[in-house]
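A short worksheet on the structure shown next.
What follows is calculated from the coordinates using simple rules that are stated; it is not laboratory data. The structure displayed is predicted, hence computed values, not measured ones. Here Cβ is always computed from backbone atoms with ideal geometry, including for glycine, and neighbour counts include all displayed protein chains.
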Amino acid sequence: MTDSTTAGVPQERRLVTAVPGPKSQQLLARKNAAVANGVAVTLPVFTARAGGGILEDIDGNRLIDFGSGIAVTTVGNSAEAVVRRATAQLADFTHTCFMITPYEEYVEVAEALAELTPGDHAKKSALFNSGAEAVENAVKIARAYTKRQAVVVFDHGYHGRTNLTMALTAKNMPYKNGFGPFAPEIYRVPVAYGYRWPTGPENCGPEAAAQAIDEISKQVGADNVAAIVIEPVLGEGGFIEPAKGFLPALKKFAEDNGIVFVADEIQSGFCRTGQWFACEDEGIVPDLITTAKGIAGGLPLAAVTGRAEIMDAAHAGGLGGTYGGNPVACAAALGAIATMKELDLNAAAQRIEGIMKPRLAAMQEKFDVIGDIRGRGAMIAVELVKDPATKEPAPELTGAVAKACHAAGLIVLTCGTYGNVLRFLPPLVISDELLNEGLDLIEEAFAAQL
């Protein structure tokens, strides 16, 4: 890739110390003394610089990045257009609060979101700082519009760490344990998890939809539901792609019953799955869509975008926040979106999938602990099991493989309700050479553990 996406960082893996190295270990001791223990780290290497598909630590090690800061640095770290636009904005002003004296960059981001998100209806946006804020505000907006209170979410879903979004999130540890009580009027129903569906993936979509709709109708009552909130590809829950037909059935149910359909695209949006948004795969046009992570090239920004009449339901002053839509973050977002268009990062994600899935399928032939390969674009995962017949989760093996990858200089992340999923989120600007080298390291990590 060009210097515009690599930020001058050499695009080659290099290990000069053990991982983590001595300087990182010294900083880790300082971190442990000064930072709350609840803020844990996956891999305690302290970053010095990053770009393209490489992260360089303070010891001089260069690691291949299959994490992208959890799907954030889609355009690479320090992408030229992001840095240029954010730097120019820093020189002009850093903050006024859009609710006090507004600025053009916020409006430009809202206009870009109206253009890029699915559907040709009139749209409006509100900008925030984090994905959890976006989801929480989507619920507020849906409740204001429908004058209802109930919110329906799904098994294996993840939506954030605020009180309301913890309630929306399915997994207890580490997200919810000990932090209750949680917000009321949240109802959880089954999701179409094809790999683990009792009658097989071929039946999963329609059966899971029928079961979910039945539970909503009986236990909640469709007339009481303000919003259905779902990730078109479930992220922290294990990169689960709902089986075909599930999302369209839920969307139709929402339409028929005056329910606001919210697509949580915080991890899956902005070219990550090979489309601007993952919900486009089955032609879903959500009423509201939440975005964050990849939107601004690493700066904190999030959004709720949706049908103008729904977005306008909240009273004046009902939406906002001191830092929401910060001008520097907005400038960065405009640079990130320009980069996605210029480099056709949807095509790049599709190319990454074309490399990764065949390589992982070949590994599955060698290692039967790989029970499932799933995902789209550059949002790919493998689910590890102790026995492919019983599909018993293998979280210890998953952790061991991840740890071996880290020691070899490859950043990978784990996820899944059962802690048994390795997820791969490379920057979309990663080179084919680094991508294949990373896959070599994954294969070597499996071989070493089995």
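By the rule of a C-alpha distance below 19 Å, with chain neighbours fewer than 8 residues away ignored, the lysines paired with Lys124 are Lys140.
Work out the P(r) tail for the range 82-342: percent of alpha carbon pairs separated by more than 24 Å, whole number.
On the way: 15540 of 33930 pairs.
Percentage above 24 Å: 46.
Hey, which of these cross-link pairs are over 26 Å Cα-Cα: Lys31/Lys386; Lys171/Lys391; Lys293/Lys357; Lys357/Lys386; Lys252/Lys341; Lys171/Lys341? Show your work: numbers first, answer last.
Details: Lys31/Lys386 36 Å; Lys171/Lys391 19 Å; Lys293/Lys357 24 Å; Lys357/Lys386 21 Å; Lys252/Lys341 32 Å; Lys171/Lys341 35 Å.
As for pairs spanning more than 26 Å Cα to Cα, those are Lys31/Lys386; Lys252/Lys341; Lys171/Lys341.
Computed from label points 7 Å out along Cα-Cβ, the spacing between Asp214 and Gln149 is 2.8 nm. Size descriptors for the range 290-447: radius of gyration and Dmax over Cα atoms are 19.5, 59 Å. In summary, the convex hull built on the alpha carbon positions of the range 298-374 has an orientation-averaged projected area of 8.8 nm².
Listed values for the range 348-365 are Karplus-derived 3J(HN,Hα) couplings in whole Hz (6.51 cos²θ - 1.76 cosθ + 1.60, θ = phi - 60°), namely 4, 5, 5, 5, 4, 4, x, 8, 6, 5, x, 5, 5, 5, 5, 5, 4, 5, and x replaces Gly and Pro.
Give me the Å³ per residue figure for the convex hull around the C-alpha atoms of the range 21-144. Display every interim value, and only then the final one.
Values: hull volume 23.3 nm³, N = 124.
Each residue corresponds to 188 Å³ of Cα convex hull volume.
With the cut-off at under 13 Å, measuring from each backbone N in the range 175-193 to a point 7 Å along the Cα-to-Cβ line of Asn37 picks out no residue.
Each residue, Ala347 and His315, gets one label point 7 Å from its Cα in the Cβ direction; the gap between the two is 5.1 nm.
Quick check on the range 362-406: take the gyration tensor over C-alpha atoms, sort the square-rooted eigenvalues as a ≥ b ≥ c, and tell me if it's rounded (a/c under 1.5), prolate or oblate.
Details: a/c = 1.62, a/b = 1.11, b/c = 1.46.
Oblate, since a/c reaches 1.5 and b/c is not below a/b.
For the range 44-127, the set of chymotrypsin sites (Phe, Trp or Tyr not before Pro) satisfying both a DSSP loop assignment and a count of at most 14 other C-beta atoms within 10 Å is given as Phe93.
Please list, by residue number, every one of the trypsin sites (Lys or Arg not before Pro) in the range 88-151 that is coil in DSSP and has at most 12 other beta-carbon atoms within 10 Å. Walk me through the numbers before you get to the answer.
Working: sites: Lys123, Lys124, Lys140, Arg143, Lys147, Arg148; in loops: Lys147, Arg148.
Answer in residue order: Lys147.
Couplings 3J(HN,Hα) for the range 383-396, derived from phi with the Karplus relation 6.51 cos²θ - 1.76 cosθ + 1.60 (θ = phi - 60°), are 9, 9, 10, 6, 8, x, 6, 8, 6, 5, x, 10, x, 5 Hz, where x marks Gly and Pro. Two numbers describe the Cα atoms of the chain: Rg and Dmax, which are 21.4, 62 Å. With a simple spin-label model that places each label point 7 Å from the Cα along the Cα-to-Cβ direction, the separation between Thr199 and Ala362 comes to 3.8 nm.
Look at the alpha carbon pairs under 8 Å that are at least 6 residues apart: their mean separation over the length of the chain gives a relative contact order of 22 percent.
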